[in-house]
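Trainee: Supplied in structure tokens, the structure appears directly below.
The values are calculated or read from the model by the stated rules, or taken from the named source; none is laboratory data. Computed from a predicted structure; not experimentally measured. Glycine gets a Cβ as well: all are built from the backbone with ideal geometry, and neighbour counts include every protein chain shown. The protein model used for the area step is the full one, side chains on, heavy atoms only, and it has no ligands, DNA or RNA in it. Shrake-Rupley method; radii C 1.70, N 1.55, O 1.52, S 1.80 Å.
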Amino acid sequence: MADQEGLPGAEASLAVSTETPTQVAQVDEPRVFRLRSFPVVYRWNVGKAEQSGEVNGVKYQQTMGRMVLMYPLIDDLDEEDFKVKMSCWQIEVSRTGGSKDGKIPALCQETYDDIHRDLSWWKVDTLPTSERFLIICLAKANHRQWAGPWYGGALNPHKKGHFGWSDQQGAKKILKELKITSEELKNIEPGEPEDWNHEISTAMTPEQICTGIDMSQSDKDIRLVIHLNEEALDGATARIPLEEVFAADISANEFWVFLRGDSFTLCRGLLAQLVRPELTTWQVRSERRRKLPEGCNIKSPAFFNPALVITMVKETRGSQEKVFEDFQHCNYGMPKDRIDWSERIQRCMVLLPGSPNNKVGKASRAQALVTKVESKQDLLLNRVILLFHLEDRLPKLCENHRVHMHDLFTLMAHPLRCFVLFTAGPPVLNDVRYQEHSFKDASEKQTLWTKALDVDLQPPEKPNRLISQETVPTAPISEIYACNLSSFGALGDGMTDNSKAFRNAIESCGASRGQQRLLLEIPEGTFLTGSFNLSSKMTLRLLKGSRLLGVTDFSAYPLVPPLPSYGINRDWAKDLSLRPAALISGFNLTDVVIEGEEMGHGYAEIDGKGEWWWAKFRRGPLPFGRPSLIQFMYSDHIILRKLILKNPPFWNTHFYASRDIVAERLRIEAPYSSKNTDGINLDSVTNAVVRHCVISTGDDAIAIKSGLNEAGLRFGMPSSHIHLHDLEVRSKCLSIGSEMSGGISDVLVENIHFGDDRPKKPLAWHFH
């Protein structure tokens, strides 16, 4: 069961093969081995796993993440002759129409284990042997082997709504109401998913899921161990099978491991010794972490975490001094000790009196954790805020007993009441009852709450200011490592393509600076360049009289996957599965400044040469759309200031899934006739301030977004805590949306001057 992809890879697609799942990848020229499925392995019975078989005339094949059922068809039937229903634990297949109308007993069963209904599919297909089958592909909810396709017992846990397990079991009516949607049968339309990459996107960055990489070699093989964050892995596999999270492409001298749905790289490199790609194996298993990074607070003498283990067999036996000629990897997250819920409660119990059954003592100690309760109301956003002041010794106690502060309390909310509970026991810290109240009349001073604790819960006399009011932290100043762009061959003549010089300068200086801050200054002149990526802890400074000019060439902008909260390219393009990278890009960065030395015409200017792109765009959609001017993704502590940003091919400045952003003293320009040239797009961001800017574009001056339709709902990252003030907007508008499926909250807009840069005679094409 393999995918037809290249190295480094295009879109992944799910394929159903009649061959055994042990063949988890395919080989094609030039000997690229694509790992997409995990073969079935029994921990204590390696080699005896039943990867395929037949039950009551239904053939099956399985990997650790999929179970494929194949029901032979004798009559000339098609997909419209069948009706397939699925829940997370059962399947029901029936014939529709004809004399044999009714359920097919062999396919109306309870599955051996839970499945992902929304990632499962079915179709009718003819194999190369001319046999026709009804094929049902089930996505396993748990990464494990099945003894067979069907559940063999009588007491399926999902039947809890049908009968009681004990005298304390709830009434049937109550249990029925507690039944989740995925437990109910749902009609499944035939056909494979059209965009499998979009369906299996984890919406996670490599830094969230990868905590380190170890490598070793023996005379016959090379072993790569990618350590994973267990909680992040649980979050990723809550919606998709673990098998669909990772992918690897192996050739004789090169490898690439990435997150399959988003194509985010975990690691890649060139091997110092040739390997036999077709003999490569991989497995997810628990692995002991012998060396932990500095700053890790794990105190366990033997720390185990899940790991993706890849073993590559060498072409010839023998060991070399180094394993890789070149090795690149993502930024690592910090390893964290996994604490299950029961252990978390036991740790919280440490903070209580000795006897766990002493309810009076528990209640007294729990209430002593809170020394004061304050209340606030936000009249603008129609919110009530409760502020609990905690005991001073609590942080130290939590640190000693390895308890996170946010794990101590639980909130239960009701339309007219809410409870704040202590995790380790029943005591209620606060019983808040609030009246039905719109908070629109600021003159009302009545008490809004009654309480269980003896504290004053009166609302403040004045409404609280928004959280977003200039609360953007800035990174500390550090030592500077200056990088000379000219020493890398850059020429500011306006004709030489300096793309390679920019990329080499940032990569080389970034590797040599140690803990210092990287400073790359652009001297006076016009520097032509294609797309390049910035680095963390970096300042890109444009000196007086300097200009960055975008190259007018499709190949200068590498193609990257679409944003996970959109699922498709947002530009009007022939191929919506990929998009060009921005002129200046930042991915998973922290503490980055892009600034100009002075403001004014001719100084500190970044020009995307959009007129070349707009002319082509007017004649029809481009192959992959147009690049943005500046884009930051999954980054924090970003500052843009004292710049002229003009003529972007597409969006001007795009902040995506980032936080702690300041954009100030900018002049953003694009002709009114230019299409989709948004000024600043704040997309799924938190803590952003835009101030003292002049914006005149062909589309929205500032747009606040948070994802599109179902993709935005799945990504689930809202935009919040945003402050826009002291701006001059000369064309179009400030907008919230239209892509806002993830939600938008806490936005303050003030002191905006609206002008008008529209031409006297509007261009007709712009309104088509």
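Trainee: To the nearest whole percent, what portion of all C-alpha pairs in the stretch 691-746 is separated by more than 16 angstrom?
Mentor: 48
Trainee: For the stretch 565-681, with only Lys/Arg (+1) and Asp/Glu (-1) charged at the beta-carbon, what is the dipole magnitude about the Cα centre, in debye rounded to 20?
Mentor: In debye, rounded to 20, the stretch 565-681 gives about 640.
Trainee: Tell me, what % of the accessible area of the stretch 577-716 is carbon and sulfur with a 1.4 angstrom probe?
Mentor: Answer for the stretch 577-716: carbon and sulfur cover 48 percent of the accessible area.
Trainee: Based on the alpha-carbon gyration tensor of the stretch 525-673 and its eigenvalue square roots a ≥ b ≥ c, which shape applies: rounded if a/c is under 1.5, prolate if not and a/b is larger than b/c, or oblate?
Mentor: Cα axes put the stretch 525-673 in the oblate bin.
Trainee: Kindly report the accessible area of the stretch 237-326 per residue (heavy atoms of protein chains, probe 1.4 Å, no ligands, DNA or RNA), in Å².
Mentor: 46
Trainee: Given the pairs Lys609/Lys642; Lys574/Lys616; Lys220/Lys322, which are separated by over 23 angstrom at their Cα positions?
Mentor: none
Trainee: Round to a whole angstrom and tell me the spacing of the C-alpha centers of the stretch 564-591 and the stretch 205-252.
Mentor: Centre-to-centre distance over Cα atoms comes out at 24 Å.
Trainee: Let me have the relative contact order for the stretch 599-710, percent, based on Cα pairs under 8 Å that are six or more residues apart. Don't skip to the end; give the middle numbers.
Mentor: Numbers: 270 pairs, mean separation 26.4, N = 112.
Across the stretch 599-710, relative contact order equals 24 percent.
Trainee: Would you work out if the stretch 568-643 is rounded, prolate or oblate? Take a ≥ b ≥ c from the square roots of the eigenvalues of the alpha-carbon gyration tensor; rounded if a/c is under 1.5, else prolate when a/b is larger than b/c, oblate otherwise.
Mentor: Judged from the Cα gyration tensor, the stretch 568-643 comes out oblate (a/c at least 1.5, b/c at or above a/b).
Trainee: Show me the GluC sites (Glu not before Pro) within the stretch 210-317 that DSSP assigns to loop and that have at most 10 other Cβ atoms within 10 Å of their Cβ.
Mentor: In loop regions of the stretch 210-317 (DSSP not H, G, I, E or B), the sparsely surrounded GluC sites (Glu not before Pro) are Glu294.
Trainee: Follow-up. Which of rounded, prolate, oblate describes the stretch 607-753, given a ≥ b ≥ c as roots of the alpha-carbon gyration tensor eigenvalues and a/c under 1.5 marking rounded, otherwise prolate only if a/b is larger than b/c?
Mentor: Oblate, since a/c reaches 1.5 and b/c is not below a/b.
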